[in-house]
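The structure appears right after this line, and notes come after that.
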Amino acid sequence: MSEYGEGKDLEWFGDSPPKQGAAAKCNQPLKTSLDVTSHQTDCGEHNLPTKDAEGFSPYQPRPPPLPRRLKAGKSGSVDQSIRTRRLRNSQESLSDRAETCSSTDSLKEDQTLQGSSGFLPEAPTGVRSQESEGSGSPVFRNRVSSLSEYEPRPHSQQSDPTDLRARVSRARLSPVQPIGPLPSLEKNFTSVTLRPANRIDRDCLDYMVHGKEKQRERLHRNLSDSRLLENMGSDSASVHSVRSNYSVLSPIKPQDVRNRSFLEGSVLGNGALLGADELDRYFPERRLGIYVATWNMQGEKGLPVNLDDLLLPTDSEFAQDLYVIGVQEGCPDRREWETRLQETLGPYYVMLYAASHGVLYLSVFVRRDLIWFCSEVEHATVTTRIISQIKTKGAVGVGFTFFGTSFLFITSHFTSGDSKVYERILDYNKIIEALALPKGLPDTNPYRSTPSDVTTKFDNVFWFGDFNFRLSKNRVEVENIINCTVGRQMGTLLEHDQLSKELKDGSIFKGFQEAPIHFLPTYKFDIGCDKYDTSSKQRTPSYTDRILFRSRQAHDIKVIKYTSCTSIKTSDHRPVIGVFQAKLRPGRDNIPLGAGLFDRSLYLEGIRRRITRELKRRDALKNQSSSTICAIA
């Protein structure tokens, strides 16, 4: 309620209105904010009127009186303007719900303006008010007391005009109201800075939160401790925790260290090393990047100068989490081959395991951040030769569990020959029956396993190698089809592929799939060039090198890339590479963990070679620049 509204808009505060009639208690008149002197009326000698001449009850507060000009003049127009301004201010105060200043503030401003302009308020007549101890409403009494704070002092005690002008400049204004809805604050805004703590490594991140994660963008730069604290200034708790650890890793509370155990875990248990919480922390999309490469090296002693094109192609945006390289007819020095692989992959990766069967090599590299989530690694070999001492044909398999998903990688070399399709099918059947895996690792799903087929005992299986299946066409016809092929559409050529036909018939690689082929046959080339066999044998170009995969659950393996590496020409075979994403599931902590074991000596040798190579490159650049300057001189 405003003290300056119309009489019909005023209402009584409290339980009941004040009593009326002759028996009503005589009260002192209300002092309004425009009174100069108080006027007291003897109430005992007259009857109290119900309403005065202007239609107001004597117990109702009246509008402020009009100011009286000291000098004669245009009082009518001035009075009208003052009344209009006062009523407008009071109406705005009533209509604005967000108004923070009371109507007495606008009255104070009017009073100040009037005092500085030579106006004096006219004392009200016939106005009777309730005493502060009377029967009026306490709210009304409070409002009266608040008005008394802004009462003008007597004329003799009022300040000079300069003080009044200063009071005008300090008038409070209404707050600015927004014209539209305010933008919503981002939830958990400090988590953007802490987000790298939930990643594997800031330098090479392989997964993106696609859609909502393009809502979670990757940070590729290294954050120093001081820079991190600046970005986290709004979260004092996080700042203190990071300061205590001097890193961006998630701080660990002592109570968590006391309670966490790896002896017996559960899939959904809190604190389990292989449980859902830890899996979501490292893999929000629950997808593992796998890089598979197979290559028949033809037993050459000389290795390629650079293996970057084989393992780190330039058309890939990110490196993968797991690198598995299978070699047939490998070089005589197997350790040198593994060292070259470690040198190429660099310090971000460690060799989890390596196995061999004669000249068949299988090497598994994993990101060093993920080695703690791998179980013990097991391997087994099978020879398909009648004479077991000759280990040129056969298979080698490596199996392990990562979180709660089991993996099996097999590289093999089948019987060669254009027409020996049946012998190659026999090789396949012997391998799946004789490969003794898993040994000590628990089967993640024993109800879907078949004892006679090792590939059914693992969640995800990748089988790659030189399968030696050929194209059932002569050399001239195959070359004509290749020359007529447009846009790497190899469908016409694959109609004559022996392996594709056997896959459709179900006689080999049961349950396996192969990604569409969009590359040229990888066998047989002249060494050092891109020409197919020009020797007297004139072998037919064929797709002998292949990568196949199978999974227990449908669509658990997604193909990202399937192609050949044409830049490595030291063998008559071209390497074939495949990039996949495999779905991960949480596991239990009761499996035999690998405890972070890897080939440490190989890791150190690879780092030493990278340092030596970098120093040689810098020296060469330095010598080249100095010789150039001398030549110019």
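Some observations on this one:
- Around residue 328: net Lys/Arg minus Asp/Glu count, Cβ-Cβ under 11 Å: -2
- Accessible area per residue in Å² at 1.4 Å probe, computed on segment 332-371: 27
- Whether segment 502-633 is rounded, prolate or oblate, judged on the alpha carbon gyration tensor where a/c under 1.5 counts as rounded: oblate
- Compared with the direct C-alpha span, the chain from residue 445 to residue 608 gains 54.4 nm at full extension, assuming 0.36 nm per residue.
- Descending semi-axes in whole angstrom, ellipsoid equivalent of segment 423-499, from the Cα gyration tensor: 38, 15, 9
- Lys pairs under 26 Å by Cα in segment 398-479, provided they are eight or more residues apart or on distinct chains: 5
- Rounded percent of accessible protein surface that carbon and sulfur make up, segment 513-593, 1.4 Å probe: 48
- In segment 303-409, inverting the average of 1/r over every pair of distinct C-alpha atoms gives 15.0 Å as the Kirkwood radius.
- In this simple spin-label model, placing a label point 7 Å from the Cα along the Cα-to-Cβ direction at both residue 555 and residue 258 gives a separation of 4.7 nm.
- Count of Lys pairs (Cα-Cα under 19 Å; at least 8 positions apart or interchain) in segment 517-583: 5
- Calculated log₁₀ intensity ratio I(q)/I(0) where the Debye formula runs over C-alpha points of segment 387-456, q = 0.18, 0.21, 0.28 Å⁻¹: -0.77, -0.95, -1.35
- Accessible area expressed per residue, segment 469-595, with surrounding protein chains retained (probe 1.4 Å, Å²): 46
- Modelled spin labels at residue 317 and residue 474, positioned 7 Å past Cα toward Cβ, are 4.9 nm from each other.
- Computed from the Cα positions only, the extents of segment 350-486 along the three principal axes stand at 53, 39, 31 Å, in decreasing order.
- Here the simple spin-label model places points 7 Å from the Cα toward Cβ, and for residue 422 and residue 334 these points are separated by 3.4 nm.
- Principal semi-axes in Å for segment 441-578 [√(5λ), Cα gyration tensor, largest first]: 32, 15, 14
- Segment 283-327 gives an Rg/Rh value of 1.07, both radii derived from C-alpha positions and Rh following Kirkwood.
- Close amide H contacts of residue 287 (hydrogens built in the peptide plane, cut-off under 5 Å, sequence separation of 5 or more or a different chain): 584.
- Across the accessible surface of segment 353-433, with the other protein chains kept in place and a 1.4 Å probe, carbon and sulfur atoms take up 52 percent.
The values are calculated or read from the model by the stated rules, or taken from the named source; none is laboratory data. This structure is a prediction, so every number in the text was calculated from the model and none was measured. Neighbour counts run over all protein chains shown; Cβ positions are idealised from the backbone, glycine included. Remember, those area values only see protein heavy atoms, side chains included, never the ligands or the DNA or RNA. Shrake-Rupley method; radii C 1.70, N 1.55, O 1.52, S 1.80 Å.
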